[in-house]
Amino acid sequence: MHAVPHQPIEQFEHCLGIIRQAAVEILLLLNVHSAEAKDPRWFLEQLEQARLNLGGWGNVARRLNLNDAELSDFTLQLRHLQQVVPVYDRGQPISDNQRIAALRFVVALESVRHRQPLLKYSSTLGEEGGDRQEQAQRQMRAISLTLKGLISQAQPDTTRLHNDLKLQFGASSVRRWLANSEAGDVLSGMRFSDLSLLVVDKKAFARYYSSIFNSAASLTFLAEQRVTLHAFLDDCRAMRNAIIAGRPLTAAEMALLGNYQQQITGPVQRAFEQGRTSVNPASFMAVDSSELGQFWETARAKDSALGGDSLAVRESIEPPQRREKRSPEDRDQLISSVLWGVVGVFVLAMAFGGIWLFSDPAPRNQANVGFRESPDAPERELPSPREKLANLGISWDVNSLRAAIDRNDTNVTSLFMQGGMTWQLAWTEQAQSAKYDEVLELLLRYKLQMDEPKPCRRFINTLSHSMNNGESMTAVRRSYLKAFCTTPAVVERQRISVAQAQRRAEAQPDAQNQKALSVQSAIYEVIR
C-alpha cells in the first residue's frame, strides 16, 4: 500500500505511481506486455502500438468498453499529460498545471476502470471521509454561486436578461427555468451547464468576464483562459452530477475539485478584494452543514425537474432556429394552395388513366403471356454517406466526427465530409500534435466546409504552445496556416506578436524568450 500523500509534490508523485500501475494493466488487456511502466510518453507510445496490433482505435475502445468519444478524450488527456510532464525526477518542483494534468488523468483512469471490470488497479489517493465530502460540496456550491453572481452582476436588468435568454435559448427554455426558480430569479432555475455556458461563451466572456480572469496568473492549463475555464467547468459538471446522484467523490476527484475551485474562484476573489467586482467567493464557502444540506436538496429537486444535466458544456451559445410566424392571410393562402394542388393531382391522374385505358393494346392470349419479357427492375440507389455511417454504428453528430479525426480515421471522416458535415479548425489540434497527416490532408480538401468563425487566434495560440514545447512546423501545419490564416487582420496581429516577442527577447535574452521569438517569427513567415 502507498502512503497517503499530504504535500503537493507527494500527491503528484503518488498520481504518477497510480498511472504506471494502471498503464501495465491496460496494456496487458490490449495484448501489450510490459513488466514495468515508464513515463506518460511511453504509455502513449504503447497505446499507439496496441492500436496497430489490434487493427484500429475502434478495437482498442471495445477492449476497454469505451465509445469513440470516450477513448478520444482519454488519449487527449494522456497526450496533454505527457506534454506538461515530459520527464520527471523525484522531488523536483511541480507546477499547478502539472498537478492538475496528473489528477485529471487519474480521474480518467477511474472512469475506465468503472467501465471495464477486468481492470483492478488501485487509485487510492487519500481519505474519502464525510468531512472531506462536505468540504467538496462547499467548494462545488461556491463555484455555482460564483458563476451566478458574475452573470447577475454583468446583466443586472432582469427584464433585459430574460429577453436575452429568450433570444439565446428560446422562450420555452426560459419558461422552464422560471418554473423551477426561486422568486422569479431565472438563474437559480438553470442547469449548471447553462450557467457555465453564459460565462464561457466567446462573446460573453470577451464582453463581461475577461477583465476579471485575465488579470490573474491562473487558468493557463490550455492555450486560452476561456478554453481552460470551459474544460474545468465541464469537469465540475460531471462531479456535481455525482454529488446530486448521491455518489461520494473519490479522493482524486476531491483533490481535482479543490484545484479547480482555486483556479476558478481565485481570480474573482482577487477582483473582489481590489474592488473590481461585488462577487465574494469566500462568502459562499462560509456555510454551516444544515444550510449546505438544504442547498443540495434543492439542487436535486431542480435537477430532477429539468431532466438532469448530462450534456457537456457547449463551446458557444447557438440560438434556436426561429420560424417566422404566419399571418392569417398566409395561412389561408397555404390552405388554398394545398387544396388546388390536390385537385390538380386528381385531374392529372384521371387524364393519364383514360389515356392508358384507350391506348393499351388488347391482351395477348394467355399462352403467350408466360413468354413476355418483364422489364428490367430499376437499379437500387447506392446508400448515402449518412446511411453508410449508420450501418457502421456511427451517429451523425460532431462528437463522432471529432473522434474520427482524433484517431486518424480517414474512412469515417471522408463519409462525414461527403455527407456535408461542417468542421472546425479547433477540432484538428490533437491530430496536428500526433502528425495524423492523412486525415488532416483529407479535411483540407473540404476546406469550404470549415465554418469556425475567426479560427486563427486559437489555432495560432495552440500552435505556438505546441512549438514552444518542442513540436515542429510541419508541412501540414504550413498548409493549414496558408489555407485559413492569411487574411490581413491575422497577418497584422501576428506581426504585432513578433514585435512584442522581439522586445521581450531584447529586454531579457534568455532561452525561453529566444525560443518564443523564433516560434512567432516562423508562423509570421508562413502567413505574410
Can you tell me the 0 to 90 degree angle between the C-alpha axis of helix 511-527 and the longest principal axis of the chain, rounded to 10?
-> 20 degrees
The cysteines in the chain that find no other cysteine Cβ closer than 4.7 Å to their own Cβ are Cys15, Cys236
Output the pairs from Lys435/Lys515; Lys202/Lys388; Lys203/Lys515; Lys302/Lys454 with a Cα-Cα distance over 28 Å in this structure; if there are none, say none.
-> Lys202/Lys388; Lys203/Lys515; Lys302/Lys454
Relative contact order of the stretch 64-135 (C-alpha contacts under 8 Å, at least 6 apart) in percent is 38 percent
Anisotropy class of the stretch 454-527 from Cα gyration tensor, a/c 1.5 cut | oblate
Could you point to the label whose value was computed as volume of the Cα convex hull per residue in Å³ for the structure here, given (i) 254; (ii) 178; (iii) 192?
-> (i)
Where Lys and Arg each count +1 and Asp and Glu each count -1, what net charge lies around Val491 among other residues with Cβ under 12 Å from its Cβ?
-> +2
Given Cα pairs under 8 Å that are at least 6 residues apart, what percent is the relative contact order of the stretch 454-527?
-> 43 percent
Can you give the calculated 222 nm mean residue ellipticity of the chain, where each DSSP H run of n ≥ 4 adds -39,500 (n - 2.57) and the sum is split over every residue, rounded to the nearest 500 deg cm²/dmol?
-> -20500 deg cm²/dmol
Amide proton proximity set for Met450, modelled H, under 5 Å, gap of 5+ | Trp423
In nm, to one decimal, how far is the Arg528 label point from the Asn241 one, both placed 7 Å along Cα→Cβ?
-> 4.9 nm
Taking the Cα atoms only, what angle lies between the long axis of helix 158-169 and the longest principal axis of the chain, rounded to 10 degrees?
-> 60 degrees
Residue order, fewest to most surrounding Cβ atoms within 10 angstrom, among Met140, Met239, Met473, Met467 | Met473, Met467, Met239, Met140
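Values quoted throughout were computed directly from the atomic coordinates according to the rules given, and no laboratory measurement underlies them. Quantities reported herein were computed from a predicted structural model and do not represent experimental measurements. Neighbour counts run over all protein chains shown; Cβ positions are idealised from the backbone, glycine included.
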